[in-house]
Amino acid sequence: MQLALATWHEVEEYLQTSRGIIVPVGSTEQHGPNGLIGTDHLDAEFIAKGVGDKIGAMVAPTLAYGMSQHHLGFAGSVTLRPSTMIAMVGDIVRSLARNGFERFFFINGHGGNIATVTAAFDEVYASLSLLPNGEPSPIRCRMMMWSNGKRATDIAEELYPGVNGSHATAAEVSLAQFYHPEAIKHAQMAPKVAPASTSFFDCFDYRKRYPDGRIGSDPSLSTPQHGERLFAAAVDDMIDAYRAFLA
């Protein structure tokens, strides 16, 4: 069930049987020569909707912007300041908690969000812990990369041994191709496999080190057929993780 497509009556009914909600979060940033700028949030959204459809979980609207300052050297990239993202995530959690939600499972598509979203969770917990005469709270937050489950990891290693990379990965590009086949892009890439180091600082340093935006990847190998396999695997991975979190 998608929160954006439900009525408030339907949400109240859902809360009678479950207090969990899935929040897809990603970014709007460059993904190399053939990767869509929306790859991170599109992939997280696709997997989250797949989980929701399969087990009847509530899925919140996608958070399409993330902490992406290091990509600003490439046209079309957008970032939130860490402080902005911390405030946004905190306000979303507190708003939904006010309505009765207690378990917030963020399916993430962008590694650059990890530190900031984790800090947002700590801000939520701190605000509860510091309440005078407060009582134990049922609010719990967790975040997982859609690509980090065992099934999806195994498939990525099978399909792209040693060349999946860490940004503009072959796996994430394949998943986006399966989600939006009408937007598949083709491009020449040189070198075929991008430099693999993950050391960078600001956007100027990033662009100097990784001129076409990729890190360690060969997304010329990506196909929507691969994306279909990754989708099924990642949905099952996230279902297992979400159910364990609720328990």
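Every number here is computed from the coordinates shown, using simple stated rules; none is lab data. These numbers were taken from a predicted model, which means no experiment stands behind them. Because the Cβ atoms are built from the backbone with ideal geometry, glycine has one as well, and the counts that use them run over all protein chains shown.
Points worth noting:
- For the range 25-156: rounded, prolate or oblate by the Cα gyration tensor [a/c cutoff 1.5]: oblate
- In the range 27-102, the ratio of gyration radius to Kirkwood radius, Rg to Rh, stands at 1.05 when only Cα atoms are counted.
- Net charge of the neighbourhood of LEU36, taken over other residues with C-beta under 14 Å away and scored Lys/Arg +1, Asp/Glu -1, is -4.
- Tensor-based shape of the range 173-247 (alpha-carbon gyration tensor, a/c under 1.5 rounded, otherwise prolate or oblate): oblate
- Within the range 15-62, all pairs of alpha-carbon atoms sorted by distance into 5 Å bins from zero give the percentages 5, 23, 23, 18, 12, 9, 5, 3, 1, 0.
- Protection proxy ranking, highest mean first, for peptides 2-14, 41-53: 41-53, 2-14, where packing is the per-residue count of other beta-carbon atoms within 10 Å, averaged.
- Tilt relative to the chain, helix 170-179 - C-alpha long axis, 0 to 90 degrees, to 10: 70 degrees
- In a reduced charge model with +1 at each Lys and Arg Cβ and -1 at each Asp and Glu Cβ, the chain shows a dipole moment near 320 debye about its Cα centre.
- Loop sites in the range 180-225: trypsin sites (Lys or Arg not before Pro), DSSP, at most 15 other Cβ within 10 Å: LYS185, LYS192
- Tensor-based shape of the range 116-247 (alpha-carbon gyration tensor, a/c under 1.5 rounded, otherwise prolate or oblate): oblate
- A cut-off under 12 angstrom between Cβ atoms defines the neighbours of ILE107, and their net charge, with Lys, Arg +1 and Asp, Glu -1, is -2.
- Dividing the mean sequence gap of close Cα pairs (under 8 Å, 6+ apart) by how many residues the range 1-135 holds gives a relative contact order of 31 percent.
- Mean separation of Cα pairs under 8 Å and 6 or more residues apart, divided by the residue count, gives the chain a relative contact order of 24 percent.
- Label corresponding to Rg/Rh (Cα atoms, Kirkwood Rh) when calculated from the structure given, among (i) 1.06; (ii) 1.03; (iii) 0.99: (iii)
- Across GLU29, GLU102, GLU157, mean-square fluctuation computed from a Gaussian network of the chain (C-alpha pairs under 10 Å connected) peaks at GLU157.
- Angle in degrees between helix 114-129 and the longest Cα principal axis of the chain, rounded to the nearest 10: 10 degrees
- Candidates LEU63, LEU131, LEU221: whichever shows maximal mean-square fluctuation once the chain is modelled as a Gaussian network with Cα springs under 10 Å: LEU131
- Summed side-chain charge close to PRO191 - residues other than PRO191 whose Cβ falls under 14 Å, Lys, Arg +1, Asp, Glu -1: +1
- Summarising the label geometry, the points placed 7 Å from Cα in the beta-carbon direction at PHE200 and HIS186 lie 2.7 nm from one another.
- Cβ-placed point charges (K, R +1; D, E -1), dipole of the range 51-196 about Cα centre in debye, nearest 20: 40 debye
- GNM remark for the chain: springs join alpha carbons under 10 Å apart, and the peak mean-square fluctuation among GLN188, GLN225, GLN69 falls on GLN188.
- The angle separating the long axis of helix 82-99 from the principal Cα axis of greatest extent in the chain is about 40 degrees.
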